Amino acid sequence: PRMLTSLQSAARRGAKIITINPLKEVGTDRFIHPKDVHLLLGSGTKLTTQLLQIRIGGDVALTKGLMKGLLEAEEKDSGNILDHEFINTYTEGSHEVIEDIKKQSWDSITEYSGVTKDEILKASEIIAKSKRIIGCWAMGLTQHKNAVGNIQEVLNLLLLKGSMGKPGAGACPVRGHSNVQG
């Protein structure tokens, strides 16, 4: 349970955790470390701040929806949501990404993701207020036909917020045992 232990520690320090999963899993809702005798008697640590139960294959649509929510918040907040200095210094093609996101309709996003606009905007608000974001994913995000698109959009989201290359931020693919990479 190393990953869940890390999430437990982060949650205890006040981190907001958005869980994106077609299934509601007990371990990501409330976690009890099996070696923590004091917690075995309690209800555990609440890990998930918000669960987004997506439709299988709806990851790209959901991530674009999260970015669309950020762009809409950006317009309302006079440009204080995205990390423009980071984007201008370290990225290429951000204009094309932003234009693509703006073209996406909420109807299409919600249909393909299986998540309501209100739920997506609530998650976008959490992301908008965050100074540092870590995008963690397991093999479920990478081992199907949308894998490349999934990772591209997760990284686009992190780049728009400037959440790469600084402490407490970045991409975190979780791969399991040491031999899974070959």
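A short reminder: the numbers here are calculations on the coordinates, not readings from a lab. The structure displayed is predicted, hence computed values, not measured ones. Cβ sites come from the backbone with ideal geometry, for glycine too, and all protein chains shown count toward neighbours.
Going highest first, how would you order 89-100, 158-169 by mean Cβ packing within 10 Å?
Highest to lowest by the protection proxy: 158-169, 89-100.
Convert each backbone phi in the stretch 138-143 into a coupling constant with the Karplus relation 6.51 cos²θ - 1.76 cosθ + 1.60 (shift: θ = phi - 60°), then list the ³J(HN,Hα) values in order as whole Hz, x for Gly and Pro.
9, 5, x, 7, 9, 9
Please list, ordered by chain and number, the residues whose modelled amide H lies under 5 Å from the amide H of V115; skip anything fewer than 5 residues away on the same chain.
R55
Once label points are set 7 Å from the Cα along Cα→Cβ at both M139 and L155, what is their separation, rounded to one decimal in nm?
Those two pseudo-labels are separated by 2.1 nm.
Give me the net charge for the shell around N156: Cβ to Cβ below 15 angstrom, other residues only, Lys and Arg +1, Asp and Glu -1.
Local net charge: -3.
If R0 is 30 Å, what FRET efficiency do you get for H84 and W106 from their C-beta distance, rounded to 0.05?
Numbers: r = 25 Å, r/R0 = 0.82.
Here the calculated transfer efficiency is 0.75.
For the stretch 54-152, what's the relative contact order in percent, using C-alpha pairs closer than 8 Å and at least 6 residues apart?
44
What residues have an amide H closer than 5 Å to that of G170, excluding those fewer than 5 places away on the same chain, when H is modeled at 1.01 Å from N in the peptide plane?
I133, I134, G135
For a quick check: with amide H placed at 1.01 Å from N, whose amide H comes under 5 Å from L52's, ignoring anything fewer than 5 positions away on the same chain?
Under 5 Å from the amide H of L52: T19, I20, N21.
Which ³J(HN,Hα) values, rounded to whole Hz and listed in residue order, are derived for the stretch 93-100 from phi using the Karplus coefficients 6.51, -1.76 and 1.60 in 6.51 cos²θ - 1.76 cosθ + 1.60 with θ = phi - 60°, glycine and proline given as x?
Each residue's phi maps through the Karplus curve to give x, 5, 4, 5, 4, 5, 5, 4 Hz.
Quick one: what are the phi-derived ³J(HN,Hα) couplings along the stretch 165-170, Karplus 6.51/-1.76/1.60 with θ = phi - 60°, whole Hz, x for glycine and proline?
For the stretch 165-170, the Karplus curve yields x, 9, x, x, 8, x Hz.
Please give the length that would be gained between V174 and S6 if that part of the chain were fully extended, namely 0.36 nm times their separation in residues minus their C-alpha to C-alpha distance (nm, one decimal).
My answer for the length gained is 59.3 nm.
Put a dot 7 Å past each Cα toward the Cβ at K24 and K131; how far apart are the dots in nm?
Between K131 and K24, the simple spin-label model gives 3.4 nm.
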